Amino acid sequence: MSSSPRTSDFDLECHNITKRFGDFTAVDDISFSIPKGSFFSILGPSGCGKTTLLRMMAGFLEPDSGDLRIKGKSMVGVPPNKRPVNMVFQHLALFPMMTVEENIAYGLKRQGMPKADIPAKVKSALERISLPDAGPKRIDQLSGGQKQRIAIARCLVLDPDVLLLDEPLGALDLKLREHMKVELKQLQHNFDTTFVYITHDQSEALVMSDQVAVMNHGVFEQVGTPQELYYKPKTAFVAGFVGDTNRWSGSIKGMSGNEVQVETKDGLKLVATAADQNLAKGQNVDIFVRPESVVISRKSDALVGIENTIKGNVESVLFDGANSRVLVRDPSSGDKIMVTLPQTGEFNDLQAGQELHLGWRLAQAKCFDTLAMSAEQLADMS
Amino acid sequence: MTNKTAPKLGLILLMAPLLIWLFALILLPHVDMFMLSITEKVAPRVYETGLGNYGEFFAEPLYWNTYARTAIMSILTTIVTLVIAFPVSYYIAKMLRGRMKAVLFVLCLLPFWVSELVRTFGWMILLRETGIISTFLQWAGLADQPIEMLYTDATIVVGLVYTSMLFMVVPLVTTLESLDDSYIEAGYDLGGNGFTVMREIVIPHAMPGIVSGCIVVFMLSLGNYLTPILLGGKDSLWFTEQIYAQFITRFNWEQGAAFGFLLLILSSLIVWGGLKLSRQTLSETMG
């Protein structure tokens, strides 16, 4: 493969990377490139191959075929300690036998930095993560968030071309995780380093990333900005995995242009926009509608002109401040539909059992070829 | 009233076996030994209290030479055992997965199914003048006459290392298994090579296991009687042999008790020194 002059625009490129374990293909012919200084996330359910892909970037695994380039240089056969990448491990792997200072100095020593220069470098790293006094502390004296920052500083002090992060927020409690999402994004901005972040948490990926790759069964389903993935999913998997969504399965009864008429097996007739290219009459399809796209009303005449309408009863109200939702049950099919409550105050007194009219527009219902999904993945999506 | 005394009684009952064991099996014999060791025989059936038995030890070069020799060879045995056991343990704990791990671990245990005496005789069959190794070397033309490999210091060390191997492997495998693989990977990821990862991460983590293994192996070697006598022969000059001779051959219990105390002091001092040197505490390594 010849390196064109454009390659240097990318910090990391993968060309047709494949990795098999016995009969199982963990990573299947993936190609992508990550522009300099961006925050790139790989989002996928457990077992989709994202960890395998990350470990190949770090050098702990070698691809069976394909090329992996960092700053235009092929990394195939280069051991992890010789690669210009560093990794923040899932459980951080801060060395418990060393102090914070020694942890940060470890990599600098290995780089052969003169002993006299190390303390100053460590100090400035600690200041950049706003933990200037943490140096002499032992690892077990730190809080979860502090450990997180030390683990990132330990890598960034080495000035890597790419920083790999293996779900480092997984072990934190919810509140700290929300806080660290913002902080990670800021750190990435401050250090101006390319971050490759893998996660199964779609909210982490959406909040922090410039680009997200949604991975499933060893392939990238879609690569794009968080907005693209959310508003313009290309496959049923992406539509279901990124963000919350309502889903109906049925078969196509008729098509006109982009509009698809679908009937579910309970006899519910819906219209949706074709999001897949090759849909045909009679085909089994899935329709996805976001909870915030559904309009609710107590009276049916408020929904005149909306293409899809259903009458249902409130099953339960899931109050969560601004993110409050209501679960509505369609009595004819038994389907449960999740709807975001509008913040107008109109529905504040909503009670279980009340009757509601639901409606959503054609453009907001996306129709995809039915996806074969394992039960585990379906559980991950809900 | 009952509320206050009941837990106390329970505690006493719970502690009783431990206290009885400590008192009857450890404290009592040692006090008796100590009393015996400071008793001097001045004439038949006439005894005096004094440190003469200890004085005898320092006056006779054979005694303290044997003493020092036993200490040095035990330390040497401990070091050799550690050097051999560490890679073995690392391989079992970190390189192997599943069944092979159990198989290799059991292989380490296997020799301990037979008694130490039988195992030592096994070594004698291999190493003696008319033994297997000597015969093989002659057959292969590498030696033109029978070679006696028994009754040397090296043979004693080999025998002791073989005897104590398991007691080093077990604590090492346990501590190495508790080292998460991600620490080793992080060590490499941050630029370390095999040597630095070993020195900076694996060994510091394994230190409690190393020290506890060393203490056990050292104590076992220092107090061993059978292996040095059988493999080292009459000239093995092991300190336990001196104690045996005082008690049994010469029927000088007073001298034997003094030697026993000196051995206790020696092992305590060396273990203490080892802990200080490795900056470990006894509670850390044994806990």
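Taking the criterion of being of a type outside the set (Val, Ile, Thr), within 25 Å of the chain's Cα centre (by Cα), open to solvent by 10 Å² or more (accessible area, probe 1.4 Å) and facing another protein chain (nearest Cβ under 10 Å), would at least one residue in the stretch A:151-159 satisfy it?
No, the stretch A:151-159 contains no residue that is of a type outside the set (Val, Ile, Thr), within 25 Å of the chain's Cα centre (by Cα), open to solvent by 10 Å² or more (accessible area, probe 1.4 Å) and facing another protein chain (nearest Cβ under 10 Å).
Does B:ASP181 count as within 14 Å of another protein chain (Cβ to nearest Cβ), buried (at least 17 other Cβ atoms within 10 Å of the Cβ) and over 22 Å from the mean Cα position of the chain (by Cα)? Steps first, answer last, please.
On the way: within 14 Å of another protein chain (Cβ to nearest Cβ): yes; buried (at least 17 other Cβ atoms within 10 Å of the Cβ): no; over 22 Å from the mean Cα position of the chain (by Cα): yes.
In short, no.
Give me the pairs, please: first residue somewhere in the stretch B:222-251 and among the basic types (Lys, Arg) and surrounded by fewer than 17 Cβ atoms within 10 Å (Cβ to Cβ), second residue anywhere and in a helix (DSSP H, G or I) and at pLDDT 90 or above, beta-carbon distance under 9 Å, and either six or more positions apart or on two chains.
Qualifying pairs under 9 Å: B:ARG250/B:GLY256.
Return only the number of the condition from (1) touching a residue at least 12 places away in the same chain (Cβ under 8 Å); (2) open to solvent by less than 50 Å² (accessible area, probe 1.4 Å); (3) more than 24 Å from B:LEU176 (Cβ to Cβ) that B:GLY55 does not satisfy.
For B:GLY55, the exception is condition (1).
Can you work out which of the residues in the stretch A:223-240 that are open to solvent by 10 Å² or more (accessible area, probe 1.4 Å) and not in a loop (DSSP other than H, G, I, E, B) is nearest to A:HIS179 (Cα to Cα)?
Among those residues, the one meeting the criterion is A:PRO226.
Restricting to the stretch A:207-219, what's the tally of residues that are open to solvent by less than 40 Å² (accessible area, probe 1.4 Å) and of a type outside the set (Ser, Thr, Tyr)?
7
Residue-wise test of (1) under 30 Å from B:GLU200 (Cβ atoms); (2) assigned to a loop (DSSP other than H, G, I, E, B).
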{"site": "A:GLY37", "(1), (2)": "no, yes"}
{"site": "A:PRO45", "(1), (2)": "no, yes"}
{"site": "A:ASP67", "(1), (2)": "no, no"}
{"site": "A:ASN81", "(1), (2)": "yes, no"}
{"site": "A:PRO96", "(1), (2)": "yes, yes"}
{"site": "A:GLU102", "(1), (2)": "yes, no"}
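From A:GLY107, A:GLY112, grab the single residue that is within 14 Å of chain B (Cβ to nearest Cβ), open to solvent by 50 Å² or more (accessible area, probe 1.4 Å) and out of contact with any Phe, Trp or Tyr (no Cβ under 9 Å at 6 or more places or on another chain). Talk me through it step by step, then tell me what you get.
Working: A:GLY107 fails: open to solvent by 50 Å² or more (accessible area, probe 1.4 Å).
Exactly one residue qualifies, and that residue is A:GLY112.
Mind checking which pairs have a first residue in the stretch A:109-138 that is within 20 Å of B:THR196 (Cβ to Cβ) and in contact (Cβ under 8 Å) with a residue 24 or more places away in the chain and a second that is assigned to a helix (DSSP H, G or I) and open to solvent by 80 Å² or more (accessible area, probe 1.4 Å), Cβ under 6 Å, 6 or more apart or different chains?
From residues that are within 20 Å of B:THR196 (Cβ to Cβ) and in contact (Cβ under 8 Å) with a residue 24 or more places away in the chain, the pairs are A:VAL122/A:GLU101.
Quick test for you: out of A:ASP117, A:ASP159, A:ASP166, A:ASP140, pick the one residue that is at positive phi and at pLDDT 90 or above. Walk me through how you get there before you give the answer.
Details: A:ASP117 fails: at positive phi; A:ASP166 fails: at positive phi; A:ASP140 fails: at positive phi.
From the options A:ASP117, A:ASP159, A:ASP166, A:ASP140, the qualifying one is A:ASP159.
Take the residues in the stretch B:139-178 that are acidic (Asp, Glu) and part of a helix (DSSP H, G or I); name whichever of them is farthest from the other protein chains (Cβ to nearest Cβ). Can you show your working first?
Step one: of the stretch B:139-178, the residues acidic (Asp, Glu) are B:144, B:148, B:153, B:177.
Applying the additional criterion that residues be part of a helix (DSSP H, G or I) yields B:153, B:177.
Numbers: B:ASP153: 37, B:GLU177: 16 Å.
Looking at the filtered set, the residue picked out is B:ASP153.
Does the stretch B:86-96 contain at least one residue that is outside any helix (DSSP H, G or I), open to solvent by 60 Å² or more (accessible area, probe 1.4 Å) and modelled with pLDDT under 90?
From the stretch B:86-96, those outside any helix (DSSP H, G or I) are B:96; that's our starting set.
Now narrow it down to the ones that are open to solvent by 60 Å² or more (accessible area, probe 1.4 Å): none.
Scanning the stretch B:86-96 turns up no residue that is outside any helix (DSSP H, G or I), open to solvent by 60 Å² or more (accessible area, probe 1.4 Å) and modelled with pLDDT under 90.
For A:LYS175, state whether it is more than 14 Å from chain B (Cβ to nearest Cβ), touching a residue at least 60 places away in the same chain (Cβ under 8 Å) and open to solvent by 10 Å² or more (accessible area, probe 1.4 Å).
On the way: more than 14 Å from chain B (Cβ to nearest Cβ): yes; touching a residue at least 60 places away in the same chain (Cβ under 8 Å): no; open to solvent by 10 Å² or more (accessible area, probe 1.4 Å): yes.
Judged against the criteria, A:LYS175 is not a match.
As an exercise: evaluate B:ARG69 against (1) at pLDDT 90 or above; (2) open to solvent by 100 Å² or more (accessible area, probe 1.4 Å); (3) closer than 23 Å to B:ILE265 by Cα and give the number of the one condition it does not meet.
All conditions are met except number (2).
Hey, any hits in the stretch B:148-165 for a residue that's open to solvent by 30 Å² or more (accessible area, probe 1.4 Å), within 30 Å of A:VAL78 (Cα to Cα) and out of contact with any Asp or Glu (no Cβ under 8 Å at 6 or more places or on another chain)?
Just the residues of the stretch B:148-165 that are open to solvent by 30 Å² or more (accessible area, probe 1.4 Å), to begin with: B:148-149, B:151-154, B:158, B:162, B:165.
In the following step, the residues that additionally are within 30 Å of A:VAL78 (Cα to Cα) were identified as none.
For the stretch B:148-165, residues open to solvent by 30 Å² or more (accessible area, probe 1.4 Å), within 30 Å of A:VAL78 (Cα to Cα) and out of contact with any Asp or Glu (no Cβ under 8 Å at 6 or more places or on another chain): absent.
Any idea which of A:GLY254, A:GLY250, A:GLY243 is out of contact with any Lys or Arg (no Cβ under 6 Å at 6 or more places or on another chain), among the small types (Gly, Ala, Ser) and assigned to a loop (DSSP other than H, G, I, E, B)? Before you say what the answer is, go through the steps one by one.
Values: A:GLY254 fails: assigned to a loop (DSSP other than H, G, I, E, B); A:GLY250 fails: assigned to a loop (DSSP other than H, G, I, E, B).
Answer to the selection: A:GLY243.
Examine the stretch B:265-279 for a residue that is in contact with a helix residue (DSSP H, G or I) (Cβ under 7 Å, 6 or more places away or on another chain), farther than 30 Å from B:LEU36 by Cβ and open to solvent by less than 10 Å² (accessible area, probe 1.4 Å), and state whether such a residue exists.
No.
In this structure, is A:ILE70 of a type in the set (Val, Ile, Thr) and within 12 Å of chain B (Cβ to nearest Cβ)?
Values: of a type in the set (Val, Ile, Thr): yes; within 12 Å of chain B (Cβ to nearest Cβ): no.
So A:ILE70 fails the test.
Going by the structure shown, is B:VAL173 touching a residue at least 12 places away in the same chain (Cβ under 8 Å) and buried (at least 23 other Cβ atoms within 10 Å of the Cβ)?
Yes: the conditions hold for B:VAL173.
Can you find even one residue in the stretch B:228-236 that is assigned by TED's automatic domain parsing to the domain that holds B:LEU160, more than 23 Å from B:PRO171 (Cβ to Cβ) and touching a Pro at 6+ places or on another chain (Cβ under 9 Å)? Can you show your working first?
Residues of the stretch B:228-236 assigned by TED's automatic domain parsing to the domain that holds B:LEU160: B:228-236.
Going one step further and asking which of them are more than 23 Å from B:PRO171 (Cβ to Cβ), we end up with B:228-236.
Going one step further and asking which of them are touching a Pro at 6+ places or on another chain (Cβ under 9 Å), we end up with B:236.
Checked the stretch B:228-236: at least one residue is assigned by TED's automatic domain parsing to the domain that holds B:LEU160, more than 23 Å from B:PRO171 (Cβ to Cβ) and touching a Pro at 6+ places or on another chain (Cβ under 9 Å).
Could you grab me the full set of residues in the stretch B:72-85 that are open to solvent by 50 Å² or more (accessible area, probe 1.4 Å) and not β-branched (Val, Ile, Thr)?
B:LEU76
How do the pairs read when you match residues in the stretch B:186-197 that are within 15 Å of A:LEU156 (Cα to Cα) and within 7 Å of chain A (Cβ to nearest Cβ) with residues anywhere that are among the small types (Gly, Ala, Ser) and buried (at least 20 other Cβ atoms within 10 Å of the Cβ), using Cβ under 7 Å and keeping only pairs 6 or more apart or on different chains?
Close Cβ pairs satisfying both conditions: B:ALA186/A:ALA93; B:ASP189/A:ALA58; B:LEU190/A:GLY107; B:GLY191/A:GLY107.
Among the listed residues A:SER31, A:SER46, A:SER38, A:SER74, identify the single one that is at pLDDT below 95, open to solvent by less than 20 Å² (accessible area, probe 1.4 Å) and out of contact with any Lys or Arg (no Cβ under 9 Å at 6 or more places or on another chain). Talk me through it step by step, then tell me what you get.
Details: A:SER31 fails: open to solvent by less than 20 Å² (accessible area, probe 1.4 Å); A:SER46 fails: open to solvent by less than 20 Å² (accessible area, probe 1.4 Å); A:SER74 fails: open to solvent by less than 20 Å² (accessible area, probe 1.4 Å).
Result: A:SER38 is the single residue among A:SER31, A:SER46, A:SER38, A:SER74 that is at pLDDT below 95, open to solvent by less than 20 Å² (accessible area, probe 1.4 Å) and out of contact with any Lys or Arg (no Cβ under 9 Å at 6 or more places or on another chain).
Find the strands (runs of 3 or more DSSP E) located wholly in the stretch A:266-356 whose residues include 3 or more that are touching a Ser or Thr at 6+ places or on another chain (Cβ under 8 Å) and open to solvent by 40 Å² or more (accessible area, probe 1.4 Å), and list them.
Values: elements: A:269-274, A:284-289, A:295-297, A:308-318, A:325-329, A:336-340.
So the answer is A:308-318.
Identify all residues within the stretch A:259-282 that are within 24 Å of A:LYS232 (Cβ to Cβ) and at pLDDT below 85; write none if there are none.
A:ALA275, A:ASP276, A:GLN277, A:ASN278, A:LEU279, A:ALA280
For the stretch B:1-69, list the helices (runs of 4 or more DSSP H) that sit wholly inside it and hold at least 1 residues that are under 21 Å from B:THR240 (Cα atoms) and of a type in the set (Ser, Thr, Tyr); which are they? Can you show your working first?
Values: elements: B:2-20, B:28-37, B:52-59.
Counting at least 1 such residues, we get B:28-37, B:52-59.
Checking B:TYR47 against (1) of a type outside the set (D, E, K, R); (2) over 18 Å from B:PHE247 (Cα atoms); (3) surrounded by 10 or more Cβ atoms within 10 Å (Cβ to Cβ), only one condition comes out false. Which one?
Status for B:TYR47: all satisfied but (2).
The values are calculated or read from the model by the stated rules, or taken from the named source; none is laboratory data. Keep in mind it's a predicted model, so treat the numbers as computed, not measured. Virtual Cβ from ideal backbone geometry, glycine too; neighbours counted across all protein chains shown. SASA here: full protein model, heavy atoms, side chains in, ligands and nucleic acids out. Shrake-Rupley method; radii C 1.70, N 1.55, O 1.52, S 1.80 Å.
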